[in-house]
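To keep things clear, I will list the structure first and then write my remarks on it.
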């Protein structure tokens, strides 16, 4: 009957209100467990979304070529057959399956502007660097092929550098900055790119024309990498074989000898990172889920103690006509309410924790509605599972023996 069910629920709530402190401490395990699950899943999901964005930024048809390495006592060392601008020209000229070639030489130099100076990565490259790597300009322009051929001293700054130099993106356009004491005209400033887990920050680098870097700044033609974009309709594997063919010829590598360069598919590296991130996220969520189980065991212990304390009350209720189902539902509702209220508070705490980590620690977090619903449903399941045994124990008490209990 509905009024009996309402009375059972009312008695359960009355019992919880009578022991507020005990109820609060009992819920603490569930609160911490749900909050931990939501926060850990938010961190894992945020990391995966950041990797997905990196993959999208890299494009679907890029390969990176690096100088070869060998290991001496566990330390990676260059082979002495570096990549050069001649290699980049050969790839552009003789590899028909490759669309664009972006050579890159890089060193750390002092950047000066006004009274400010910084140590930054200076990247010598070609004008198509921005297009191939999906960079957007916030102010000004990218240096041109004419700037490169004429070896003009023009520079494009990462988005963070104007502020670090005490200026802003719009005001610094056309102004001179000094790289290694050599004046360069700032012709452009990139929009924010973000490090997104890279070991370097692209927003804190300076781009200058490749030939300017070669002849005016660096003094040599050694490249740290060559990024190649395969032609439309060509697979990455075909582009890799074509690039390998050209470089082996340029480096005079005989058949059967190992390459003195490395070709990497950036998306494969990020996909591996994504897989590791997913495993780590699952591990974190599983560890957080253990705290929910611990909280459920705490609820079971408290409910068993409650059954023992209220044995005489149960006997009186049975003597007055309460059925086994009434007693079972009373204690089950108590356990379920403790878990549901703890789950709600845990959701609030977990959401607040995720937002705090994103805002103050700068971590990538994303609160998934599915994860929130799962954590809440799991807390309800914990309440039913761990509350069932104490409830059944209370319902099975003999009323005569319960009335004699002291």
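Taking the range 60-79 as the range and being exposed (fewer than 15 other Cβ atoms within 10 Å of the Cβ) and modelled with pLDDT of 55 or more as the test, the residues that pass are 60, 69. Residue-level check: of (1) surrounded by fewer than 21 Cβ atoms within 10 Å (Cβ to Cβ); (2) over 34 Å from the mean Cα position of the chain (by Cα), residue 91 misses just (1). In the set 277, 286, only one residue is closer than 30 Å to residue 386 by Cα, modelled with pLDDT under 85 and assigned to a helix (DSSP H, G or I); that residue is 286. Looking at the range 218-225, can you tell me whether even one residue there is assigned to a helix (DSSP H, G or I) and either in the same structural domain as residue 92 (by TED's automatic domain parsing) or without any contact (Cβ under 8 Å) to a residue 12 or more places away in the chain (or both)? Yes, because at least one residue in the range 218-225 is assigned to a helix (DSSP H, G or I) and either in the same structural domain as residue 92 (by TED's automatic domain parsing) or without any contact (Cβ under 8 Å) to a residue 12 or more places away in the chain (or both). Suppose the filter is under 18 Å from the mean Cα position of the chain (by Cα), surrounded by 15 or more Cβ atoms within 10 Å (Cβ to Cβ) and not in a loop (DSSP other than H, G, I, E, B); does residue 383 pass it? So residue 383 fails the test.
For residue 207, state whether it is in contact (Cβ under 8 Å) with a residue 60 or more places away in the chain and either in contact with a helix residue (DSSP H, G or I) (Cβ under 6 Å, 6 or more places away or on another chain) or over 14 Å from residue 123 (Cβ atoms) (or both). Judged against the criteria, residue 207 is not a match.
Within the range 332-364, restricting attention to residues that are under 18 Å from the mean Cα position of the chain (by Cα) and buried (at least 23 other Cβ atoms within 10 Å of the Cβ), which residue is nearest to residue 35 (Cα to Cα)? Restricting to residues being under 18 Å from the mean Cα position of the chain (by Cα) and buried (at least 23 other Cβ atoms within 10 Å of the Cβ), the top hit is 350. The numbered conditions (1) in contact with a strand residue (DSSP E or B) (Cβ under 6 Å, 6 or more places away or on another chain); (2) part of a helix (DSSP H, G or I); (3) farther than 23 Å from residue 152 by Cβ; (4) modelled with pLDDT of 90 or more are all true for residue 240 except (4).
The values are calculated or read from the model by the stated rules, or taken from the named source; none is laboratory data. Model, not experiment: these values are computed from the prediction. Cβ: placed from backbone, ideal geometry, glycine included. Neighbour counts: every protein chain shown.
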